[in-house]
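Here's the structure we're looking at; comments come further down.
The values are calculated or read from the model by the stated rules, or taken from the named source; none is laboratory data. From a predicted model like this one, the values you see are computed outputs, not experimental measurements. FYI the Cβ positions are ideal-geometry reconstructions off the backbone, even for glycines, and counts take in every protein chain you see.
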Amino acid sequence: MVIEKAVLAIITTNRETVSGGAPIFICKDFDELQKTAANLEAIIDGIAHALSDELFIIVKH
Amino acid sequence: MNEYTMPIVFGVVVGTIARMIMLRTDYRQYPTYLHGKIIHVALGFIAASLGAVAVPAIMEMNFTAVTFLTVAATQFREVRNMERNTLSEIDDYELVSRGKAYIEGIAISFESRNYLVILTAFVGTLFYLIWNVYIAFVGAIICLIISKVLQSGSTIKDLVEIEYSPPHFDGAGLYVDNIYIMNIGLPERQEEILKYGMGFVLTPKNINVVNTIAHLGQRQAILHDVSVSLGVFRDSGTPALVPLIKRDLDDGRIGVFILPQIRDREKAINIIGAVPVLETAIRMPSKSNSRNREVN
């Protein structure tokens, strides 16, 4: 089976809401969260999706 | 020189001219100058020769010679394969890919155009041998007109109403009208998208069209054509900036979200309207007998 989509990274300011297999980046505030997400998006060629204000994921499509 | 020389030359010439007329570099951007064209003119010449020499072969009661037309059919099926392979290979390197359905459509048209060339050459030579060169001219011109008509299928604007509708965000969700396109997390990306993006809503005119425009290949063809004609605000490594088409499941409308470099509404509407309807996407549910029985 070919996996077409995958969560490559999780970026959050609230570490209690996340766990699991993908790399997790914990940030202090929303500003840092955005910067980290923007950088990761560019680096790993995924799209940064917002699940909530404190939780972003980078998904490879 | 014998009695067949001039008719055959005539047939070959009109056939080759027919191929040249049907060979256009337009919004499809294919085939490109120069070598792509040479290949197709050369194959058109071969097709024309086959069509032209078939007539004297029949007239000389040499019926087995006509079986070489089957060789021609094999040959031109090979042309279709060639086109499909080439286009599929380069599709990975397009910023907005053509998609398999569009490639198949282009490949089919290349094959069928060679058969139209055979027909033109055949009619030209036949009329020349039966009557004279003037009637052959008339026959060839009629064939050219038929080829031209057969060559152009319907376009998107025959199927749908196209309206401009600016893209907007609801939270992280990007919408065109009420059609959800995708989730964009970063505020700076959202700003870029609002600045550069354009949205269009395509409303189907009847039930047959709903399925046709829902076809994923047809949707990709629209995106590709718009991106080729208007440019695209995108690069490798910016996967968030991607033109997309999504469908409203309730009524079958589709929301087109594009990122053109030339942001001209009228032009964009014209270009979307001029996208060819892919043969593989055409559905005719209203012609299905079992469906109509249920309805009545």
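General remarks:
- Hey, A:Phe30 more than 9 Å from chain B (Cβ to nearest Cβ) and modelled with pLDDT of 90 or more or not: no
- If the condition is being more than 16 Å from B:Leu50 (Cβ to Cβ) and buried (at least 22 other Cβ atoms within 10 Å of the Cβ), then the stretch B:141-157 contributes only B:Ile156.
- Condition check for B:Lys157: at pLDDT below 90 and of a type in the set (Lys, Arg): yes
- Residue selected from the stretch B:136-190 under the condition within 12 Å of another protein chain (Cβ to nearest Cβ) and part of a helix (DSSP H, G or I), by the criterion farthest from B:Asp248 (Cα to Cα): B:Glu188
- Residue within the stretch B:235-243 that is more than 14 Å from chain A (Cβ to nearest Cβ) and among the acidic types (Asp, Glu) present: no
- The criterion of being touching a Pro at 6+ places or on another chain (Cβ under 6 Å), touching a residue at least 12 places away in the same chain (Cβ under 8 Å) and of a type in the set (Phe, Trp, Tyr) does not hold for B:Tyr102.
- Within the stretch A:24-47, the set of residues being loosely packed, with under 15 Cβ neighbours inside 10 Å and farther than 22 Å from A:Lys5 by Cα comprises A:Ile26, A:Lys28, A:Asp29, A:Phe30, A:Asp31, A:Glu32, A:Lys35.
- Of all residues in the stretch B:252-282, those that are without any contact (Cβ under 8 Å) to a residue 24 or more places away in the chain and either within 19 Å of B:Ile181 (Cβ to Cβ) or among the charged types (D, E, K, R) (or both) total 1.
- When the criteria are applied in full, A:Ala6 meets the requirement of being closer than 19 Å to B:Asn183 by Cβ, over 10 Å from the mean Cα position of the chain (by Cα) and surrounded by fewer than 18 Cβ atoms within 10 Å (Cβ to Cβ).
- For the residues B:Val55, B:Val66, B:Val71, the requirement of being of a type in the set (A, V, I, L, M, F, W, C) and either more than 24 Å from B:Met22 (Cβ to Cβ) or in the same structural domain as B:Leu223 (by TED's automatic domain parsing) (or both) singles out B:Val66.
- Residues located in the stretch A:35-57, provided they are facing another protein chain (nearest Cβ under 9 Å) and either within 10 Å of the chain's Cα centre (by Cα) or aromatic (Phe, Trp, Tyr) (or both): A:Ala37, A:Ala38, A:Glu41, A:Gly46, A:Ile47, A:Ala48, A:His49, A:Ala50, A:Leu51, A:Phe56, A:Ile57
- In the stretch B:175-234, residue surrounded by the fewest Cβ atoms within 10 Å (Cβ to Cβ) [restricted to those that are hydroxyl-bearing (Ser, Thr, Tyr) and closer than 30 Å to B:Asn292 by Cβ]: B:Thr203
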